[in-house]
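Nothing in this text is a laboratory measurement; each read-out follows from the coordinates by a stated rule. This one's a predicted model, so the numbers in the text were calculated from it and none came from an experiment. So basically every Cβ, Gly included, is an ideal-geometry build from the backbone, and we count neighbours across all protein chains shown.
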Amino acid sequence: MYAARHPSIGDIVDLEMPAGMVTRPVAGSGTPTGTGAGGGAPDPRVKPDADPHAKPDADPGGGPDVDPAVPGTRPDADADVDVDAKGKDVADAERDWHALDNDSRPYKGKFTEMEFRARYAEGWRYDLDKRKWYDATGGKRKKPRAFGEDDDGARIFNKLAGEKSKSSFKPYVEMLIREGLADEAAIIGILDGLRKVSRDENYIRHEFKELYRDRVRKRILNPDPAEMLRRHPDLFPDGKPGPVPLEAKHREMRRHLAGLNSKDMGNLAEVWYRQVHAPDSEPQIAIKQSEMAKQGIAIDGDRSIDLLDAHTAREIKFIQGKLSKRDIAEFDDLIKLRGAEVSARGKDFVLDEVQVVFMHHKGGIKNLEWARTQLKANEGKLSFEFFNAKGERSSVIRSASELDDSFLKWLGESP
């Protein structure tokens, strides 16, 4: 039994179903029934020859371990984990709430500080001048609702994850049920507890995800070897379960994230990459426009670096289509930061290079021509990494000539 403690509603148990329990799909979701490990027969394939584009990894079996949450406590004690997923959201919420608190014009909003922070965590921002909320993800989402007095956990579940729901929360619930991390009864119970604290949709969605956060991350970072053998037999040439190859971990991460909203996908992909490939990097580093101006660097607004090590700013992209205008504007500003000095969390950094990581092969294919163009225009300032359909990681790409037809073939080959 897995338990967590929510600060407002106390102990919550049975977040994870007992081993072997049969899941049932969300009504109308099309999610198949099966065990917590997932359904479907294995698809035997022949392991291909080693590809010259694949980057060897020293990890013999599986990267860093993630300890399960301690029963009876809320799984948020690890400060690094918090920063990974929501560091900028927290910083922005604190900044704007503080600004409102000190503004001569009184804040007349209906949200408590707790609800205000939850909205920021879900990708919304409050325009301090216009006094209006807007979608900071660049999308066109409807403003979140406030549930009514008669909306208990079951009704909230139906509205957010039922057959007719179009909420971006629904795929997250479907993933939990499909992967055996929750069942409908447990989810309804948690929603019923959260709505007694606040009826704001963003608050309920955010706090619910917080309770399951570590379980989801542990699943994608440390998948079960026997299950990986069943799902990815091409990666186990001896036919026996053993240390999980990094390619299998990537495939599992990609499978779990499929269908989630862009913010959830981005957060989880960033956490996965840092834990597996860049454990010494610092996550979510805020870059202030005003601070850069002091160094003679003009950028169009405040920015955030996904991962930063001593000299390299990494942008993690888990997308299947082309980069958005917003993505490109952020990239253009990051390129201007070469030579910038940044201090964060007691460390000093000098930015020599920007690296863009395409973690989904479809996004890599869609943006390959753009990557070639940028490499030609920013020689010595820019590099790329790509993951292909098999879950293999490329070497660091610093020349447009490396992104040739053979690379495109490598990128798109199916496992």
Go through Val342, Val354, Gln295 and say which Cα lies farthest out towards the positive end of the charge dipole of the range 280-412; charges sit on Cβ, +1 for Lys and Arg, -1 for Asp and Glu. Val354
So if I take the alpha carbon set of the range 264-415, get Rg, then get Rh from the Kirkwood formula, what is the Rg over Rh ratio? 0.96
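Can you check what the net charge comes to around Leu375, using other residues whose Cβ is under 15 Å from the Cβ of Leu375 (Lys, Arg +1; Asp, Glu -1)?
Residues near Leu375 contribute -3 overall.
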Work from the charge dipole of the range 140-192 (Cβ charges, +1 for Lys and Arg, -1 for Asp and Glu, about the Cα centre) and give the residue of Phe169, Leu181, Ile156 farthest towards its positive end. Phe169
